[in-house]
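Structure, as structure tokens:
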Amino acid sequence: MNQILICGGNRPSVMEVVDFLRESGKFGVQHFSHGLDMVAGIISAMHPELLIVNITDMMDSAYTTLMKIQADEPMLKILAMGSAIDYNTFNNKFFGNTVNQLPLPFQKKEGLAVITRALGIPFSEVSDILPVEGNAVFSSMGSANSKPTVLLVDDNAMTLRSMKGLLEDDFQVMIANSGKKAFIMIEKQIPDIILLDYEMPEMDGREVLQKLRLDVNTISIPVIFLTGVNDREHISAALALRPSGYLLKPVAKAKLLSTIDQALEQSRLMAEASSELPMDFPF
């Protein structure tokens, strides 16, 4: 039985994850309600395969502690549990190896898929703990026979070439060197996800995202800011638009791909949830 250690307070959002995993009977679960500074001893005694860390309102000292845990326990898998905004903040402050997100609010099917991927076990081995409608075979991206389409938008030709090289094995890649050209590309084919530079001439990334959100055909496309802008004012303005991610250049391939995967999965689950809503027409 895989052992999981969950660290970070007794908030209802955390306890929902703890209770779900404990009640499943599929995992050994230990909950540590105190800070990361005191968790090293528990890791040594318990030897968990997975550490889940609550990153909501994470203190600066905890980032250093988590990097030390990574260095001391190289085989330990780690997930950062929090909202998209929490995870963006985490990525901009954490300089260790890539840590994937366990999204909050917690959704059982999505959360279980993230956890099984982290542990390296088949989703099908534990999917019977979900309600009947959740037992379908899980796929993180589209069909097996097609690649998702990503639109790269950046005014720097070198960045476009390097990013295309990182992505073309896993995605169909479209490129645009301005915000205006991005919308021309979108008219020809709506991408599954957009990687968008924040600072561009004529129409910057914020303007592009605002325009996307005003069109019913593009409102649901996940958008990740990929940019060199790192000051607090720009980040706050960008996050206020609720993008699916905010990554700083240069970004490691593993972190880039994991962020894209998370955004696509969240988009798929939102689409599923919307399709299952009852259609009530008052007459």
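The listed residues are 64, 56, and the only one of them that is assigned to a loop (DSSP other than H, G, I, E, B), among the hydroxyl-bearing types (Ser, Thr, Tyr) and on the phi < 0 side of the Ramachandran plot turns out to be 56. Screening residue 40 with (1) of a type in the set (A, V, I, L, M); (2) buried (at least 16 other Cβ atoms within 10 Å of the Cβ); (3) in contact with a helix residue (DSSP H, G or I) (Cβ under 7 Å, 6 or more places away or on another chain) gives one miss only, at (2). Residues in the range 248-283 that are closer than 18 Å to residue 173 by Cα and at pLDDT below 65: none. Of the residues making up the range 19-53, those that are outside any loop (DSSP other than H, G, I, E, B) and farther than 23 Å from residue 83 by Cα are 23, 24, 27, 28, 38, 40, 41, 42, 43, 44, 45, 46.
Filtering the range 120-158 to residues that are modelled with pLDDT under 50, hydrophobic (A, V, I, L, M, F, W, C) and closer than 30 Å to residue 197 by Cβ leaves only 141. For residues that are surrounded by 12 or more Cβ atoms within 10 Å (Cβ to Cβ) and not in a loop (DSSP other than H, G, I, E, B), tally how many sit in the range 182-209. Residues meeting the conditions: 13.
The values are calculated or read from the model by the stated rules, or taken from the named source; none is laboratory data. The structure displayed is predicted, hence computed values, not measured ones. Note that each Cβ is placed from the backbone with ideal geometry, even for glycine, and that neighbours are counted across all protein chains shown.
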